[in-house]
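Below: one structure, written as C-alpha coordinates.
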Amino acid sequence: MQPPDPDLAQFVETVMDHTEMAPGWGKRLFPHLLVTRSRSGSTMEHYQTKLSAILGEDVACLGGDYSASEGCLGLNKSCTATNLFHHAVWNCYSELLPEDQWFVDQPRCISIDSAQIGEITP
(Lines give C-alpha, C1' and ligand atoms only; values in the text may rest on other atoms or scores of the structure.)
Protein backbone atom coordinates (compact mmCIF):
# COMPACT_ATOMS: atom_id res chain seq x y z
CA MET A 1 0.00 0.00 0.00
CA GLN A 2 1.25 3.46 -0.88
CA PRO A 3 1.70 6.09 1.82
CA PRO A 4 -0.60 9.14 1.69
CA ASP A 5 0.33 11.70 -0.97
CA PRO A 6 -0.89 15.18 0.04
CA ASP A 7 0.07 16.68 -3.35
CA LEU A 8 -1.97 14.07 -5.21
CA ALA A 9 -4.90 14.55 -2.83
CA GLN A 10 -4.80 18.31 -3.44
CA PHE A 11 -4.63 17.77 -7.21
CA VAL A 12 -7.69 15.47 -7.16
CA GLU A 13 -9.58 17.92 -4.94
CA THR A 14 -8.79 20.78 -7.32
CA VAL A 15 -10.02 18.87 -10.38
CA MET A 16 -13.14 17.55 -8.62
CA ASP A 17 -14.04 20.74 -6.73
CA HIS A 18 -16.75 21.95 -9.11
CA THR A 19 -20.50 21.68 -8.88
CA GLU A 20 -20.64 21.09 -12.62
CA MET A 21 -17.76 19.12 -14.04
CA ALA A 22 -16.27 20.54 -17.23
CA PRO A 23 -15.89 18.14 -20.20
CA GLY A 24 -12.65 16.21 -20.09
CA TRP A 25 -12.24 16.24 -16.31
CA GLY A 26 -11.29 12.54 -16.33
CA LYS A 27 -8.44 13.27 -18.72
CA ARG A 28 -7.17 15.93 -16.32
CA LEU A 29 -7.08 13.31 -13.55
CA PHE A 30 -5.37 10.75 -15.79
CA PRO A 31 -3.42 12.81 -18.35
CA HIS A 32 -1.60 9.83 -19.89
CA LEU A 33 -4.74 7.72 -20.37
CA LEU A 34 -5.00 6.47 -23.96
CA VAL A 35 -7.52 3.66 -23.74
CA THR A 36 -10.17 2.31 -21.42
CA ARG A 37 -12.05 -0.97 -21.48
CA SER A 38 -15.72 -1.52 -20.80
CA ARG A 39 -18.58 -3.87 -21.53
CA SER A 40 -19.62 -4.33 -25.14
CA GLY A 41 -22.91 -3.93 -26.89
CA SER A 42 -26.03 -1.84 -26.79
CA THR A 43 -25.97 -1.56 -22.99
CA MET A 44 -23.04 0.83 -23.36
CA GLU A 45 -24.67 3.13 -25.95
CA HIS A 46 -26.26 5.30 -23.25
CA TYR A 47 -22.95 5.71 -21.44
CA GLN A 48 -20.63 6.15 -24.43
CA THR A 49 -21.48 9.84 -24.86
CA LYS A 50 -20.98 10.46 -21.14
CA LEU A 51 -17.72 8.51 -21.09
CA SER A 52 -16.38 10.47 -24.07
CA ALA A 53 -17.29 13.74 -22.35
CA ILE A 54 -15.56 12.67 -19.13
CA LEU A 55 -12.38 11.24 -20.66
CA GLY A 56 -12.18 13.23 -23.87
CA GLU A 57 -12.59 12.21 -27.49
CA ASP A 58 -8.95 11.10 -27.78
CA VAL A 59 -9.36 8.21 -25.29
CA ALA A 60 -10.41 4.98 -27.02
CA CYS A 61 -13.09 2.91 -25.32
CA LEU A 62 -12.64 -0.75 -26.19
CA GLY A 63 -15.33 -3.33 -25.63
CA GLY A 64 -15.20 -6.69 -23.95
CA ASP A 65 -12.45 -9.18 -24.47
CA TYR A 66 -12.85 -12.75 -25.63
CA SER A 67 -10.85 -15.16 -23.52
CA ALA A 68 -10.26 -18.87 -23.59
CA SER A 69 -8.25 -21.31 -21.50
CA GLU A 70 -5.35 -20.68 -23.89
CA GLY A 71 -5.38 -16.90 -23.38
CA CYS A 72 -7.05 -13.80 -24.78
CA LEU A 73 -8.39 -14.30 -28.32
CA GLY A 74 -9.19 -10.67 -28.98
CA LEU A 75 -11.43 -7.76 -28.10
CA ASN A 76 -14.20 -5.59 -29.43
CA LYS A 77 -12.86 -2.43 -31.11
CA SER A 78 -15.77 -0.39 -29.75
CA CYS A 79 -17.66 -0.58 -26.50
CA THR A 80 -20.99 0.04 -28.26
CA ALA A 81 -20.52 -2.42 -31.14
CA THR A 82 -21.23 -6.13 -30.92
CA ASN A 83 -19.43 -7.20 -34.09
CA LEU A 84 -16.09 -5.40 -34.36
CA PHE A 85 -13.99 -8.29 -33.08
CA HIS A 86 -10.26 -7.83 -33.45
CA HIS A 87 -7.92 -10.83 -33.07
CA ALA A 88 -5.29 -10.36 -30.37
CA VAL A 89 -3.01 -12.97 -31.94
CA TRP A 90 -3.07 -13.51 -35.70
CA ASN A 91 -0.69 -16.45 -35.94
CA CYS A 92 -2.76 -19.00 -34.06
CA TYR A 93 -5.82 -21.08 -34.83
CA SER A 94 -8.90 -20.63 -32.66
CA GLU A 95 -12.23 -22.36 -32.87
CA LEU A 96 -15.59 -21.95 -31.20
CA LEU A 97 -17.85 -24.51 -29.59
CA PRO A 98 -21.47 -23.70 -30.54
CA GLU A 99 -24.01 -23.68 -27.73
CA ASP A 100 -25.86 -26.73 -29.08
CA GLN A 101 -22.59 -28.71 -28.82
CA TRP A 102 -21.78 -27.91 -25.18
CA PHE A 103 -22.97 -31.24 -23.77
CA VAL A 104 -22.25 -33.52 -26.75
CA ASP A 105 -19.65 -36.29 -26.36
CA GLN A 106 -18.01 -35.52 -29.74
CA PRO A 107 -18.73 -31.80 -30.26
CA ARG A 108 -18.35 -30.14 -33.67
CA CYS A 109 -16.31 -26.96 -33.42
CA ILE A 110 -16.28 -24.13 -35.96
CA SER A 111 -13.58 -21.65 -36.89
CA ILE A 112 -13.96 -18.03 -35.77
CA ASP A 113 -14.03 -16.94 -39.42
CA SER A 114 -17.01 -19.18 -40.21
CA ALA A 115 -19.08 -18.04 -37.20
CA GLN A 116 -22.16 -15.97 -37.98
CA ILE A 117 -23.54 -13.30 -35.65
CA GLY A 118 -26.78 -14.48 -34.06
CA GLU A 119 -26.37 -18.05 -35.31
CA ILE A 120 -26.23 -20.73 -32.63
CA THR A 121 -25.28 -23.71 -34.82
CA PRO A 122 -22.91 -24.01 -37.79
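The values are calculated or read from the model by the stated rules, or taken from the named source; none is laboratory data. Because the structure is a prediction, the values reported are computed rather than measured. Every residue, glycine among them, receives a Cβ derived from its backbone with ideal geometry; neighbour counts consider all protein chains shown.
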* Residue tally, condition surrounded by 10 or more Cβ atoms within 10 Å (Cβ to Cβ) and out of contact with any Leu (no Cβ under 8 Å at 6 or more places or on another chain), over the range 17-29 -> 5
* Answer yes or no as to whether LEU62 is modelled with pLDDT under 80, of a type outside the set (Asp, Glu) and surrounded by 15 or more Cβ atoms within 10 Å (Cβ to Cβ). => yes
* Can you tell me which residues in the range 31-51 are modelled with pLDDT of 80 or more and surrounded by 14 or more Cβ atoms within 10 Å (Cβ to Cβ)? -> LEU33
